[in-house]
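Here, each number is a calculation from the coordinates, and none is a lab measurement. Everything quoted here is computed from the prediction, not taken from an experiment. A quick note on method: Cβ atoms are made from the backbone with ideal geometry, for glycine too, and the neighbour counts reach across all protein chains shown.
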Protein chains: 2
Amino acid sequence: MKVDSTELGKYIKEIRGTFESSLKALVDIPSVSVDPEHKADVERCAQFGAELLRSIGAKATVVPTQGHPAVMGELIKDPNCPTVALYHHLDVQPADADEWKSPPFDMTVDNGIYSGRGSTDDKGPALTGLYAVLWASRHNLPLNFKFIWELEEEIGSRSFASFLKSNKDHLQADSVLVSDTIWISRDCPAIPYGLRGLQGMLLRLKTGVKDVHSGLAGGLARNPIGELCQLIADLYDARTGKVKIPGFYDSVRPSSQTELSNFQKSGFTVDGFIKSHELSSVRTQDPLEAVQRIWSQPTFELHGITGGYSGPGIKTIVPYQAEAKISMRLVPDQDPAKIMELVTSFVKKLNADVEVIPQDSLRPYLGDLSGRFAQAACTAMTEAFGKQPAFVREGGSIGAAVTMHEVLKAPVIFLGLSLPEHGYHSVNECYDWQQASGGIKMLAHYFCELCN
Amino acid sequence: MKVDSTELGKYIKEIRGTFESSLKALVDIPSVSVDPEHKADVERCAQFGAELLRSIGAKATVVPTQGHPAVMGELIKDPNCPTVALYHHLDVQPADADEWKSPPFDMTVDNGIYSGRGSTDDKGPALTGLYAVLWASRHNLPLNFKFIWELEEEIGSRSFASFLKSNKDHLQADSVLVSDTIWISRDCPAIPYGLRGLQGMLLRLKTGVKDVHSGLAGGLARNPIGELCQLIADLYDARTGKVKIPGFYDSVRPSSQTELSNFQKSGFTVDGFIKSHELSSVRTQDPLEAVQRIWSQPTFELHGITGGYSGPGIKTIVPYQAEAKISMRLVPDQDPAKIMELVTSFVKKLNADVEVIPQDSLRPYLGDLSGRFAQAACTAMTEAFGKQPAFVREGGSIGAAVTMHEVLKAPVIFLGLSLPEHGYHSVNECYDWQQASGGIKMLAHYFCELCN
């Protein structure tokens, strides 16, 4: 099928008001999945998500899980038509209002820029998908649509596998479209075919039951923060990022020459990366090494150390406990469970008193960038944004993608719309109409391509 | 002069009610000098301190300084009599009420145990001194008394030197008595003749302006907490406590055989130390090495690392800044300024981006345990507690002691009353009537000895 560009342009213009009011209503619900205090908000967000699905004529159900609910929707044209499942998530990262320019849960619209937590990750792209499907439905495209809107993506998709398995028959599709990835830059669209996995852990050390006076006890008392620092320095070299855990890199699948060549042609620049993340410096200036570091190499990351004194200045105590918050991004073919074993045994060898507490675990993903779905995605993105997308990997983790690939046995296509400056997980997260309108256009083309 | 033991016993019994109500009134004022929010409480505590001095017939003045005020008092018998200056401090460490068994600023009395912040450090000993002077005054001892009650001891005695210099003439004394030190255990009284100094510092590293997504940026973005951990591991070995900064130990004065022999006879046991500080293990089991570690060896101590995520579980961000809160206890003849230079240049060599911010600085002190004041102290303690005190050093720092020794040019005698289980700087700090009553007895004997 061919897209009538003039008509599509008119539709996009008309839908803008609806898109913006729906997005504001959605962003204004603080669906912070990690925070038990927001449990009711997450539930409310799911219910509102279902209403939005119904508003375009889809059937929608809020499905309870062991954790937060998931939203399931469908818009069936004809059982004999091919089916596209659209995956998005409606839960968001926490946000500390004090650090934001405008309140994170009171979305502002300024010259086509939508600021608020979840605007780009992933509520904006979810609505972009929704209103592209509405267009397809109004134009009687011979396609069925299914919607999978998760509310536990930011906490490692804990209940997603069991939700998907239980509702497998309802969610069966010929292909899955995921829109939760990020371009290289506004001028460099990207289609990723691989995701990093994740293994989180806490390292905890307790050497007493209360802080003690650093004059009276210092020198003889152990210092749990100091010992964790030393342990961490033995686990990885923070200056280079190199992980020192024996066997850590053993299962890393080397990149092919084609992949490296694609990486090199992706349009990624170190300066662009530094600018969009507002960093003062990074670990390398070499662009190829840089993209490998964020796309195809595993990491060891320290998110925080708690314990001891955290107020202004110093407090002369020897702390009695400390906890290091860590996660490792993993790449094919690293297995999170195996990595957890390697880390635990190495930690125990270095400091037997340190407790190793596994956290969220997500497997890495490496898809295949060939076949009709991938080709359709490439064509659609080129049509909509006037630029050929780069074929890259993505450094983040979408556990749901791996699960959908396995349970639904359907190809997973990543058609992301977010930009680095949209600030995934950062303060002042935003999305914009340029990406949303281009996204509706891209998806309209994509759906039409699938009808050919 | 001789002490009439029966009469002294009667006095102590009678004064108990006054002592306890005064202590409660004093402890209930949250005079937390480090916290700007408690500025008015610190001021109120100074005023109340002056009232307490007046209640025993002394003249008292609250003296403003650049920081918190100091309290100055005197009870002059006869200008021709020798003068004893008593130093105490009325400011206290912060206290997090959630962690305490009973509210830190609402003193409880339970079977002669006084629980509350500041009860042992140093409000209880201050009142012990006060009511011993009242006894001396009532018995017309040929002694003059001066009181120096500081309110900035817990923040490094920032204004003390200038206060002392400005009021030198008023505060002139033949000897200074300091009661802010700790025994080995309830059965092992101790008279320290040395104190460790202190040099605090913050190590700060900023690598961006906001937390960024650890999937999108992890591997390429620098991790300031990781880099500080690595730096700290290069500055000291947390497992052994050994400082790796070149030149750090160069000025440490070795202990004489006599001193080591005194240390060995002090009654210190590693098990007792572990028990009183409620530790799970310590860096050595050897008692002589243990006491050197806390009395005569310098330390490197990490009080906390801030930056990054500190909530429950993990948050997959790369933090953009981190601050390590550190202090080093110093021993004779280490010079805080020189140590600060050594650390700064070593840090700059290891990681040039790390900012080194000096904090409070206190010089170490080593007095002489001979002469009539020391002998009087020893006799008094033996009389009051039935046990010969050990001659030891103290691991803590009392900057004021060094300053008084220099400005007043008078010998400084440490007659502490606190016990390890009283929990200096810890939760559930307490003091007890056994030490307070013994303390009044000890000081009565000490004052009488000074009249001989």
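Take every DSSP beta bridge whose two residues both sit in the protein assembly as shown, then give the antiparallel share in percent to the nearest 5.
Counting only bridges with both partners in the protein assembly as shown, antiparallel ones make up about 70 percent.
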Whole angstrom only: what separates the Cα centroid of the range A:166-180 from the Cα centroid of the range B:329-403?
69 Å
What is the distance in Å between the Cα centres of the range B:69-114 and the range B:239-278?
29 Å
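By the gyration tensor of its Cα atoms, with a ≥ b ≥ c the square roots of the eigenvalues, what is the shape of the range A:81-187: rounded for a/c under 1.5, prolate for a/b over b/c, or oblate?
oblate
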Which FRET efficiency value, to the nearest 0.05, do you get for B:K244 and B:D271 by plugging their Cβ-Cβ distance into 1/(1 + (r/R0)^6) with R0 = 30 Å?
0.50
Can you tally the net charge around A:M107? Count Lys and Arg as +1, Asp and Glu as -1, for every other residue whose Cβ sits under 11 Å from the Cβ of A:M107.
-2
How charged is the neighbourhood of A:E74? Take every other residue with its Cβ under 10 Å from the Cβ of A:E74, and add Lys/Arg as +1 and Asp/Glu as -1.
+2
Treat the count of other C-beta atoms within 10 Å as a stand-in for reagent exposure and order A:K2, B:K210, A:K325 from fewest to most.
A:K2, B:K210, A:K325
Long-range amide H partners of B:R253 with built H, under 5 Å:
B:D333, B:Q334
³J(HN,Hα) computed for each position of the range B:99-111 - Karplus, 6.51 cos²θ - 1.76 cosθ + 1.60, integer Hz, glycine/proline x:
8, 8, 6, 10, x, x, 10, 9, 4, 10, 10, 9, 6
What nm distances, shortest first, do you get from the label point of A:A25 to those in the other copies when the point sits 7 angstrom along Cα to Cβ?
6.5
If R0 is 60 Å, what FRET efficiency do you get for B:N167 and A:Q264 from their C-beta distance, rounded to 0.05?
0.20
Amide H contacts under 5 Å for A:D432, placed H, 5+ residues apart:
A:Y114
Amide H neighbours of B:A390 under 5 Å, counting only residues 5+ apart in sequence or on other chains, H built in-plane at 1.01 Å?
B:A190, B:I191
FRET efficiency estimate (nearest 0.05) - Cβ-Cβ, A:Q257 to A:H139, R0 30 angstrom:
0.10
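For A:R186 and A:D78 in the same chain, what is the full-extension length gain: residue separation times 0.36 nm, less their Cα-Cα distance, in nm?
35.1 nm
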List the aspartates and glutamates whose Cα sits under 12 Å from the Cα of B:K275, skipping any in the same chain fewer than 8 residues away.
B:E421
Using the 2.2 N^0.38 Å rule of thumb for compact globular proteins, work out how chain B stacks up: its C-alpha Rg over that value, please.
1.03
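Rank-order B:19-32, A:49-62, B:141-154 by packing density, defined as the average count of other C-beta atoms within 10 Å over each peptide's residues, highest first.
Ranked by mean Cβ neighbours within 10 Å, highest first: B:141-154, B:19-32, A:49-62.
Quick check on chain B: of the DSSP beta bridges with both residues there, what percent are antiparallel, nearest 5%? Let's see the in-between values first.
Details: 43 of 64 bridges.
The answer is about 65 percent antiparallel.
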For the range B:159-209, what size does the Cα cloud have along each of its three principal axes, sorted from largest down, in whole Å?
56, 40, 14
For the protein assembly as shown, what are Rg and Dmax over the alpha carbons, in angstrom?
34.2, 114
Pairing rule first: another cysteine's C-beta must sit under 4.7 Å. Under that rule, which cysteines of chain B stay single?
B:C45, B:C81, B:C188, B:C378, B:C430, B:C448, B:C451
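Taking other Cβ within 10 Å of each residue's Cβ, how do A:T83, B:T269, A:T316 sort, fewest first?
Values: A:T83 21, B:T269 15, A:T316 26.
Starting with the residue having the fewest Cβ neighbours, the order is B:T269, A:T83, A:T316.
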Inter-copy distances for A:K349, label 7 Å out on the Cα-Cβ vector, sorted ascending, nm, one decimal, are 3.1
